[in-house]
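Visitor: Got a structure for you, written out below as structure tokens; questions coming shortly.
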Amino acid sequence: METEEKYSPSYFVAQIGHELRTPLNAIKGFGGILAEEYFGELNSEQKKYLSRILTSADDLLKIVNQILDWAKLESNEIKLSYEWLNLSHITTEMKDLFEISLKQKNLSLEVDVDSSHQIYGDRGRLHQVLINLVNNAIKFTPEGGKINLSAIDKPSHIILLVKDTGVGMDEETKKILFDPFKKKAQGKFNAEGTGLGLWIVQSIMKLHYGYVEVESQLGEGSTFYLYFPKDVCEDDT
């Protein structure tokens, strides 16, 4: 008698996620064609609702991608491509990436990272870490606030700081901050999304033999500390 093959929950989540991506990309593709008005001019109401459709499709695709990342990380299927990276270059790229979002909320993003800081890691995944943290900082920082990226050179680690002047967090929120699928509203800001972003940040840092810590007080902003060890060599990774 054949033994029934068993699959983990993350396996089924991954399969469903991949199936969802195809129609979502089709919606974005055809919606983009309509937005370019290749087949005729749209009136103001049509443009407004089409914009909402495309924004919702983008939001849903981000959720699907986060769930897929969770499934891969949960089942240890993530493969990283390590290289020596200039931390200053990676952090400076965040200014261009979030330029529109920053302008919409009148937020400033300052980068103070020395060009000498080098870390050994996967560029794409470290981009993902910073995107998650900066996106959260923008989301939970009121208009006119500040976000700062800086680095500290310690004997054993290079520490990257992501600091904001946002609403901060209470002790209850900090206790569940890195738990998957858990989220909590902060003040007037709703906790949208999957609750996976910071769990993914923590998981990626572990894959780089590092870790993440947070300091925050309600009403006084938050600072995330990303610790990258200096003693990781290419053979270790």
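The values are calculated or read from the model by the stated rules, or taken from the named source; none is laboratory data. Not measured: the values here are computed from a predicted model. Glycine also receives a Cβ, built like all others from the backbone with ideal geometry; neighbour counts cover every protein chain displayed. Surface accessibility is based on the protein's heavy atoms, side chains included, excluding ligands, DNA and RNA. Shrake-Rupley method; radii C 1.70, N 1.55, O 1.52, S 1.80 Å.
Visitor: Six or more apart or on different chains, Cβ atoms under 7 Å: show the pairs whose first residue is in segment 55-73 and under 15 Å from residue 27 (Cα atoms) and whose second is open to solvent by less than 50 Å² (accessible area, probe 1.4 Å).
Guide: Taking only residues 6 or more apart or on different chains, the pairs are 57/24; 57/31; 60/24; 61/24; 64/17; 64/24.
Visitor: Keeping to segment 89-146, report how many residues are touching a Phe, Trp or Tyr at 6+ places or on another chain (Cβ under 8 Å), within 19 Å of residue 222 (Cβ to Cβ) and β-branched (Val, Ile, Thr). Explain how you work it out, then say what you get.
Guide: As a first pass, look at segment 89-146 and keep what is touching a Phe, Trp or Tyr at 6+ places or on another chain (Cβ under 8 Å): 109, 118-122, 133-135, 138-140.
From what is left, the residues that are within 19 Å of residue 222 (Cβ to Cβ) are 109, 133-135, 138-140.
Then keep just the ones that are β-branched (Val, Ile, Thr); that gives 134, 138.
Going through segment 89-146 one residue at a time, the tally reaches 2.
Visitor: Within segment 130-149, is even one residue closer than 20 Å to residue 80 by Cα and open to solvent by 50 Å² or more (accessible area, probe 1.4 Å)?
Guide: Yes, that holds for at least one residue.
Visitor: Among all residue pairs at least 6 apart or on different chains, which show Cβ distances below 6 Å where the first residue, located in segment 39-52, is within 15 Å of residue 27 (Cα to Cα) and the second is open to solvent by less than 60 Å² (accessible area, probe 1.4 Å)?
Guide: Cβ pairs passing all conditions: 50/35.
Visitor: Something else about it: For residue 181, state whether it is at pLDDT below 85, surrounded by fewer than 20 Cβ atoms within 10 Å (Cβ to Cβ), over 17 Å from the mean Cα position of the chain (by Cα) and not small (Gly, Ala, Ser). First the steps, then the outcome.
Guide: On the way: at pLDDT below 85: yes; surrounded by fewer than 20 Cβ atoms within 10 Å (Cβ to Cβ): yes; over 17 Å from the mean Cα position of the chain (by Cα): no; not small (Gly, Ala, Ser): yes.
Criteria not met by residue 181.
Visitor: Looking at (1) within 23 Å of residue 201 (Cα to Cα); (2) at pLDDT 80 or above, which is the only condition residue 75 fails?
Guide: (2)
Visitor: Taking only segment 220-237 into account, find how many residues are at pLDDT 90 or above and not β-branched (Val, Ile, Thr).
Guide: Let us first name the residues in segment 220-237 that are at pLDDT 90 or above, namely 220-229.
Those still in the list that are not β-branched (Val, Ile, Thr) too: 220-222, 224-229.
So the answer is 9.
Visitor: Here's a check for you: in segment 34-88, which residue that is farther than 22 Å from residue 132 by Cβ and of a type in the set (D, E, K, R) is surrounded by the most Cβ atoms within 10 Å (Cβ to Cβ)?
Guide: 47
Yes/no matrix, rows are residues, columns are (1) in a helix (DSSP H, G or I); (2) touching a helix residue (DSSP H, G or I) at 6+ places or on another chain (Cβ under 6 Å); (3) within 21 Å of residue 227 (Cβ to Cβ):
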| residue | (1), (2), (3) |
| --- | --- |
| 94 | yes, yes, yes |
| 103 | yes, no, no |
| 127 | yes, no, yes |
| 131 | yes, no, yes |
| 134 | yes, yes, yes |
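Rundown of residues vs (1) more than 20 Å from residue 201 (Cβ to Cβ); (2) touching a helix residue (DSSP H, G or I) at 6+ places or on another chain (Cβ under 9 Å); (3) not aromatic (Phe, Trp, Tyr), yes/no style:
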position	(1), (2), (3)
114	yes, yes, yes
144	yes, no, yes
156	yes, no, yes
167	no, no, yes
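Visitor: For segment 150-173, how many residues meet the condition of being of a type outside the set (S, T, N, Q) and open to solvent by 50 Å² or more (accessible area, probe 1.4 Å)? So that I can check it myself, show each step before the final result.
Guide: The initial filter retains those residues of segment 150-173 that are of a type outside the set (S, T, N, Q), namely 151-155, 157-164, 166-172.
Cutting the leftovers down to open to solvent by 50 Å² or more (accessible area, probe 1.4 Å) gives us 152-155, 163, 171-172.
The number of residues fulfilling the criteria is 7.
Visitor: If you scan segment 136-178, which residues turn out to be within 23 Å of residue 228 (Cβ to Cβ), at pLDDT below 90 and not in a loop (DSSP other than H, G, I, E, B)?
Guide: Selection gives 174 alone.
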